1. If each of residue 124 and residue 76 carries a label point 7 Å out from its Cα toward its Cβ, how far apart are those two points in nm?
2. Multiplying the sequence separation of residue 18 and residue 174 by 0.36 nm and subtracting their Cα-Cα distance, what value in nm do you get?
3. How would you rank 55, 13, going from fewest to most other Cβ atoms within 10 Å of each one's own Cβ?
4. For the pair residue 56 and residue 134, how long in nm is the line joining their label points, each one 7 Å along Cα→Cβ?
5. Please work out the FRET efficiency for the pair residue 32 and residue 151, using the Cβ-Cβ distance as r and a Förster radius of 30 Å; give the result to the nearest 0.05.
6. Which order do 120, 58 fall in if you start with the one that has the fewest other Cβ atoms within 10 Å?
7. Give the peptides 142-148, 168-174, 60-66 in descending order of average Cβ contacts within 10 Å, highest first.
8. With the crude spin-label approximation of a point 7 Å out along Cα→Cβ, what separation in nm comes out for residue 40 versus residue 63?
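Every read-out reported here was derived from the displayed coordinates using simple, explicitly stated rules and does not represent laboratory data. Keep in mind the model is a prediction, meaning the values are calculated, not measured. FYI the Cβ positions are ideal-geometry reconstructions off the backbone, even for glycines, and counts take in every protein chain you see.
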């Protein structure tokens with residue numbers, strides 16, 4: 001049986017982020033945890049968490065990325081999971097954590113993802129998203145996301161790359 005604030009996963013003890021936040025607040029009451037959403041859309045969230053000292057100087061930080069489609073819980077709570085993971089990584093970077101940077105939540109999620117079948121959208125789904133990009137930054141993000149999500153089917157990459165190149169040329173033509 002795991003002690004309070006810890007979960008046992010495959011025989012290894014992981015301290016929960018909530019427990020580590022409590023330890024942080026007790027030991028460093030003058031420090032702050034600040035989170036910032038770097039990216040959010042209907043499918044993906046990226047969060048940065050920072051540990052700030054009493055002068056608001058950044059002491060440590062951590063980042064996390066979650067996809068809504070990655071798990072059942074993420075369908076309704078991908079933003080919350082992303083923020084929790086980012087906080088856990090910032091605390092680990094600060095020195096409050098176990099031997100792992102991954103939080104208990106991240107380990108459970110990773111195990112679930114390894115055991116769950118991956119549903120791959122048709123290539124047109126990714127091409128349509130890329131062609132809907134409004135900026136070069138959005139195009140880059142969409143291309144990177146599509147590349148990661150489709151790596152299990154290498155035949156998608158040349159098609160996705162061609163759509164991204166087409167849009168890149170269009171954006172470059174607008175600035176010329």
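1. 3.3 nm
2. On the way: separation 156, 0.36 × 156 = 56.16 nm, distance 4.82 nm.
Taking residue 18 through residue 174 to full extension adds about 51.3 nm, to one decimal.
3. Working: 55 6, 13 15.
Ordered by Cβ neighbours within 10 Å, fewest first: 55, 13.
4. Taking the two extended label points, one gets 3.0 nm.
5. On the way: r = 38 Å, r/R0 = 1.26.
The calculated FRET efficiency here is 0.20.
6. Values: 120 14, 58 11.
If I rank by nearby Cβ atoms, fewest first, I get 58, 120.
7. Working: 142-148: 17.6, 168-174: 11.6, 60-66: 20.3.
Top of the packing list down: 60-66, 142-148, 168-174.
8. Each label point lies 7 Å from its Cα, and together they span 1.9 nm.
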